[in-house]
Amino acid sequence: MTSQVNLNCLDFEQPIAELEAKIEELRYVGDDAHVNINEEVSRLRHKSEELTRSIFSSLTPWQISQLARHPQRPYSLDYIDWIFTGFQELHGDRAFADDPAIVGGLARLEGRPVVIIGHQKGRDTKEKLHRNFGMPRPEGYRKALRLMQMAERFRLPIVTLIDTPGAYPGVGAEERGQSEAIARNLLVMAELRTPIICVVIGEGGSGGALAIGVGDALLMLQYSIYSVISPEGCASILWKSAEKAPDAAEALGITSDRLKQLGLIDDVIPEPLGGAHRDGYQVAANLKKSLMERLDELIKTAMPALIEKRHERLRNYGRFSD
Amino acid sequence: MSWFQKLLPTRIRTEGGSKRNVPEGLWTKCPGCGAVLYRVELERNLEVCPKCSHHMRLDARRRLDTFLDPDQREEVGAELAPVDTLKFRDSKKYKDRLAQAQKATAENDALVAVRGQVRGIAVVSVAFEFRFLGGSMGSVVGERFVRAVETCMDRSVPLVSFAASGGARMQEGLFSLLQMAKTSAALARLREQRIPFVSVLTDPTMGGVSASLAMLGDVNIAEPQALIGFAGPRVIEQTVRETLPQGFQRSEFLLEHGAVDMILDRREMRDRIASILALLTHQPSPISPPLLTAEQD
């Protein structure tokens, strides 16, 4: 049983999983043993924690990318369930279709009405296909736009949850104007007269992520990534081999702490030891606290000043010599 | 001279057989119809094949030079230069790639912005230099574009952009992705001030440039047969695992699907854009109306 490879486990998580399996096994050995099981279990627990700590203290950007895409990592609907109350999902772009790769709707954050928009991935094969692996088509971005404009109309703050490998590269998506849909959102979000808080919860995949990522605050969960191109995509173009993805992940500077250093994000929301999938409630609690603080602050800002500040933020992106 | 060559009669023997009499670069083969074209004539024709009207790529500076009136030009944001914030290195250093591109193109980055006039109408016009790292958008391109937009707002003059780009510049990481948001935000302001923006999409306009500034024109114009889209055709082919239809992501496809307003031949571009700008800004027509012909009566 201990040697069984857990498919929901990343390779660098394997030693931790093995140790934990041993602990489980010991617990079931039960009462009849002569040795003091409890002592042994707590010794192993301590060892497991220590091992996790040591592995997680020196994660490479590539390992963090894998954590960001972990099959057990919480998705938007999980956080919506844990953080908000009374979620009313709203569907469709009113023009072509409803895109299940983006979810959105009305909900309350500690009683305060808000609009939530997030990418949504699927958990099992069927749902993965239904959600198109979290890769939106133009109708997804247009649904998001419709909900954002509704939020502005009713003066509701917006929270966006970013978790996508990227906008879907498909024939239909191109026919229906994937580029225009993304560009339109960037244009409208820049001037939308309501507070917008954007949180990268997993994969921030390029333009497909940015299309719901323009706002007054940009936060990242500790083990999420945000990148102009996937490490694999970058490696296959610049290194001519997707195998070099770990090198690309390093070079692109896609982790939350690196982006904080570069001044491109406002805050990193801590995840529990071992990552968000080890304790979703804890991450949700951290995220909720952060959202409340940010929102309190943004709501106090008068509208013209808020828009001016957002504009200033966008204006200042970039490094060059002058 | 070898004994064999000495045996040959003089009219067969050619002096220095390996040397060509035609200097390099005097003739160009049209990728569209295969016709061999005289370089000077092709240049005069704005790099459009006189036989089949195939539009070849045009350098940024040449583009602006042929689009704007010859007088009263001033470059915008020329002082900006790229920096390598991430110390990016793949098989080559980004720094070296920049130096190489600068040497090859005589530009310091992939966008040129010039304030001037087109048929007497004051404008700011920007053009992407595709030969500079595939016209990719990094911090300098974004900043120069925004300065061009701001110049438009200061002077209340329209903006005309000629896009030719593979997308965002990977070597600048997230900085380059955020240029999409930055340029779009600037265009949002321009729009609020009711200043026209004409976006011309030329071959190729893809990825982050297509999914931001290039699609946001009040009027979007494409050159014939240009490749325009979000995802590259190869990426799409790998995802959907089928061969793509003929003409997919070409200008004509975009016109059919409603993404662009019109397709214009490069040789008409100047007059047509001047006319559009004059209409949008309530100015008299910059072009004298064509005379009525007998058939129209």
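The values are calculated or read from the model by the stated rules, or taken from the named source; none is laboratory data. Since this is a predicted model, take the numbers as computed values, not measurements. Methodologically, a virtual Cβ is constructed for each residue, glycine included, from the backbone with ideal geometry; neighbour enumeration extends over all protein chains shown. Surface areas here come from the heavy atoms of the whole protein model, side chains and all, with no ligands, DNA or RNA. Shrake-Rupley method; radii C 1.70, N 1.55, O 1.52, S 1.80 Å.
Here is a yes/no grid of residues against (1) closer than 15 Å to B:MET215 by Cα; (2) within 20 Å of the chain's Cα centre (by Cα); (3) of a type in the set (Val, Ile, Thr); (4) within 14 Å of chain A (Cβ to nearest Cβ):
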position: B:GLU256; (1), (2), (3), (4): no, no, no, yes
position: B:ALA259; (1), (2), (3), (4): yes, yes, no, yes
position: B:ILE263; (1), (2), (3), (4): yes, yes, yes, no
position: B:ARG272; (1), (2), (3), (4): no, yes, no, no
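No other residue among A:ALA144, A:ALA173, A:ALA167 is at pLDDT 95 or above and assigned to a loop (DSSP other than H, G, I, E, B) apart from A:ALA167. Of all residues in region B:142-194, those that are among the β-branched types (Val, Ile, Thr), more than 10 Å from every other protein chain (Cβ to nearest Cβ) and either assigned to a helix (DSSP H, G or I) or open to solvent by 10 Å² or more (accessible area, probe 1.4 Å) (or both) total 3. In the set (1) within 19 Å of the chain's Cα centre (by Cα); (2) buried (at least 24 other Cβ atoms within 10 Å of the Cβ), the condition left unmet by B:ARG131 is number (2). When A:ALA305, A:ALA209 are checked against the criterion of being more than 14 Å from chain B (Cβ to nearest Cβ), within 28 Å of A:PRO157 (Cα to Cα) and either crowded, with 21+ Cβ neighbours inside 10 Å or of a type in the set (Gly, Ala, Ser) (or both), A:ALA305 stands alone in meeting it.
Within region B:209-247, the residues that satisfy the criterion of being of a type in the set (Gly, Ala, Ser), in contact with a helix residue (DSSP H, G or I) (Cβ under 6 Å, 6 or more places away or on another chain) and outside any loop (DSSP other than H, G, I, E, B) are B:SER210, B:ALA222, B:GLY229.
Matching residues to (1) open to solvent by 10 Å² or more (accessible area, probe 1.4 Å); (2) in contact (Cβ under 8 Å) with a residue 60 or more places away in the chain; (3) charged (D, E, K, R); (4) within 7 Å of chain B (Cβ to nearest Cβ):
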residue	(1), (2), (3), (4)
A:TYR168	yes, yes, no, no
A:ALA173	no, no, no, no
A:GLY177	yes, no, no, yes
A:ARG193	yes, yes, yes, no
A:ILE201	no, yes, no, no
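Residues in region A:83-99 that are out of contact with any Asp or Glu (no Cβ under 7 Å at 6 or more places or on another chain) and either surrounded by 18 or more Cβ atoms within 10 Å (Cβ to Cβ) or under 18 Å from A:ALA285 (Cα atoms) (or both): 5 in all.
Residue by residue, here is whether (1) touching an Asp or Glu at 6+ places or on another chain (Cβ under 6 Å); (2) free of Cβ contacts under 8 Å to residues at least 40 places away in the same chain; (3) under 13 Å from B:ALA163 (Cα atoms); (4) crowded, with 16+ Cβ neighbours inside 10 Å holds:
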{"position": "B:LEU213", "(1), (2), (3), (4)": "no, no, yes, yes"}
{"position": "B:VAL219", "(1), (2), (3), (4)": "yes, no, no, yes"}
{"position": "B:ALA226", "(1), (2), (3), (4)": "yes, no, yes, yes"}
{"position": "B:GLN246", "(1), (2), (3), (4)": "no, yes, no, no"}
{"position": "B:PHE253", "(1), (2), (3), (4)": "no, yes, no, yes"}
{"position": "B:GLU256", "(1), (2), (3), (4)": "no, yes, no, no"}
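When A:ILE225, A:ILE212, A:ILE229 are checked against the criterion of being under 29 Å from A:ALA242 (Cβ atoms), free of Cβ contacts under 8 Å to residues at least 60 places away in the same chain and touching a strand residue (DSSP E or B) at 6+ places or on another chain (Cβ under 9 Å), a single residue qualifies: A:ILE229. Scan region A:306-322 and tell me whether some residue there is in a loop (DSSP other than H, G, I, E, B) and out of contact with any helix residue (DSSP H, G or I) (no Cβ under 7 Å at 6 or more places or on another chain). The answer is yes; a qualifying residue exists.
Taken over region B:56-98, the criterion of being outside any loop (DSSP other than H, G, I, E, B), open to solvent by less than 60 Å² (accessible area, probe 1.4 Å) and more than 14 Å from chain A (Cβ to nearest Cβ) is satisfied by B:ALA60, B:ARG63, B:LEU64, B:THR66, B:PHE67. Residues of region A:216-262 that are over 15 Å from the mean Cα position of the chain (by Cα), open to solvent by 10 Å² or more (accessible area, probe 1.4 Å) and among the small types (Gly, Ala, Ser): A:GLY233, A:SER236, A:SER241, A:ALA242, A:ALA251.
Out of curiosity, is A:PRO100 touching a helix residue (DSSP H, G or I) at 6+ places or on another chain (Cβ under 7 Å), of a type outside the set (D, E, K, R) and within 19 Å of B:ALA231 (Cβ to Cβ)? No; evaluated as a whole, the condition is false for this residue. Those strands (runs of 3 or more DSSP E) of region A:184-303 in which at least 3 residues are closer than 24 Å to B:THR183 by Cα, considering only elements entirely within it, cover A:196-205, A:217-221, A:225-227.
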